[in-house]
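We did not get these values from a lab; they are worked out from the coordinates using the rules stated. Computed from a prediction, not measured in an experiment: that's the story for all the values here. Positions of Cβ are generated from backbone atoms using ideal geometry, with glycine treated the same way; all protein chains shown enter the neighbour counts.
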Amino acid sequence: MTNAEPVFTWPNGERAAVSLSFDDARPSQIDNGLPIFERCGVRVTLYVSPSRVLDRLSDWQAAVAAGHEIGNHTVTHPCSGNFPWSRENALEDYTLTRMEQELLDANAFIRDVLGQLPTTFAYCCGQKYVGRGTELQSYVPLVARHFIVGRGFRDESVNDPGIVDLAQACGIESDGASFEDLRNWIESAKAAGGWVIFVAHDIGDEFARQAIRPHVLEAVCRYCADPSNALWIDTVAAVGAWIQRWQSRRIHMAQS
Ligand SMILES: [Zn+2]
């Protein structure tokens with residue numbers, strides 16, 4: 001190859017990007033999370049469930065006003081019927097048409113009620129299919145058509161900006177993690193020049209499961225916001241858009 005590959009860089013000379021994301025519109029994100037984000041000056045991504053937003057509408061509107069991103073997480077949260085609570089709304093019984101309607105309905109709800117049209121999506125339970133067996137279909141292409149980023153869950157790697165398929169960006173579970181666990185992920189992102197997306201649910205010490213401890217969350221926010229650590233902490237939408245611009249410029253250069 002004679003033309004040099006364009007080199008990917010993060011804005012302002014940062015060495016890696018970090019996004020914090022929280023699923024299901026759990027009330028503890030409002031009660032325990034928003035004050036931490038405000039103290040640390042960080043913006044996060046909230047993948048909301050519409051019914052829970054309606055329970056505390058003015059609080060979720062305040063989260064939008066504070067600059068946080070509201071992402072799409074479907075309306076009815078379909079997952080595998082192997083979860084007893086999803087048996088009547090199982091991905092195994094879904095079609096792509098029905099899934100697309102879920103995505104569009106959730107977008108319309110968020111636009112109408114919170115005034116922000118989502119540009120990113122979080123796969124419910126991290127599952128990316130509808131149907132089963134020989135009839136199974138991936139719904140990643142649907143997500144690619146409607147969003148800049150589709151975020152996974154319980155993935156095992158940092159996102160490499162040159163490689164990542166933004167329609168299925170990796171999400172790292174941060175529920176129950178220690179600060180050291182999460183700092184290790186951040187340092188691997190830094191070593192690779194990559195993007196780590198953390199995923200949590202509740203925020204609090206009182207939850208037995210699916211929760212990040214407030215002191216861990218605050219330590220991560222402070223670490224990422226400390227300029228000496230050379231990290232860009234921002235929403236999934238902001239970081240995803242940065243990578244998307246670079247990936248499309250690279251494709252354009254390869255074609256010209
Ligand atoms: Zn969820």
Inset, instruction - Among Ile212, Pro227, His252, pick out the residue whose Cα is farthest towards the positive end of the charge dipole of the chain, where Lys and Arg carry +1 and Asp and Glu carry -1 on C-beta, about the Cα centre. - result: His252
Legend entry - Efficiency of FRET from Cβ geometry, Asp59 and Glu206, R₀ 25 Å, rounded to 0.05: 0.85
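Quick check: residue separation of Asp165 and Ala66 times 0.36 nm, minus the Cα distance between them. What number comes out in nm? Could you put the intermediate results ahead of the total?
On the way: separation 99, 0.36 × 99 = 35.64 nm, distance 2.94 nm.
The span from Asp165 to Ala66 would gain 32.7 nm if fully extended.
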Legend entry - Inter-label distance, nm, simple model (7 Å from Cα along the C-beta direction), Phe83/Arg250: 3.3
Inset, instruction - Just grab the label-to-label distance for Gln116 and Arg154, each label 7 Å out from Cα along the Cβ direction, in nm (one decimal). - result: 2.7
Legend entry - Magnitude of the charge dipole, the chain, Cβ model with Lys/Arg +1 and Asp/Glu -1, debye to 20: 580
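Eigenvalues of the Cα gyration tensor times 5, then square-rooted: what semi-axes does that give for the range 170-215, in whole angstrom, largest first?
Details: eigenvalues 100, 22, 8 Å².
Calculated on Cα positions only, the semi-axes equal 22, 10, 6 Å.
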Inset, instruction - On each of the three principal axes of the Cα atoms of the chain, give max minus min coordinate, whole Å, ordered largest first. - result: 54, 44, 32
Legend entry - Surrounding net charge for Val199, when Lys and Arg each add one and Asp and Glu each subtract one, Cβ distance under 11 Å: -3
Legend entry - In sequence order, calculated HN-Hα J values of the range 16-26 (Karplus, 6.51, -1.76, 1.60; Hz; x Gly/Pro): 6, 10, 10, 10, 9, 10, 9, 9, 6, 6, 5
Inset, instruction - List the residues of the range 218-249 whose backbone N lies under 14 Å from a point placed 7 Å from the Cα of Phe179 along the Cα-to-Cβ direction. - result: 218-226
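Any chance you could run the full-extension gain for Tyr129 through Arg52? It's 0.36 nm times the residue separation minus the Cα-Cα distance, nm to one decimal.
Numbers: separation 77, 0.36 × 77 = 27.72 nm, distance 2.47 nm.
Using 0.36 nm per residue and subtracting the Cα-Cα distance, I get 25.2 nm.
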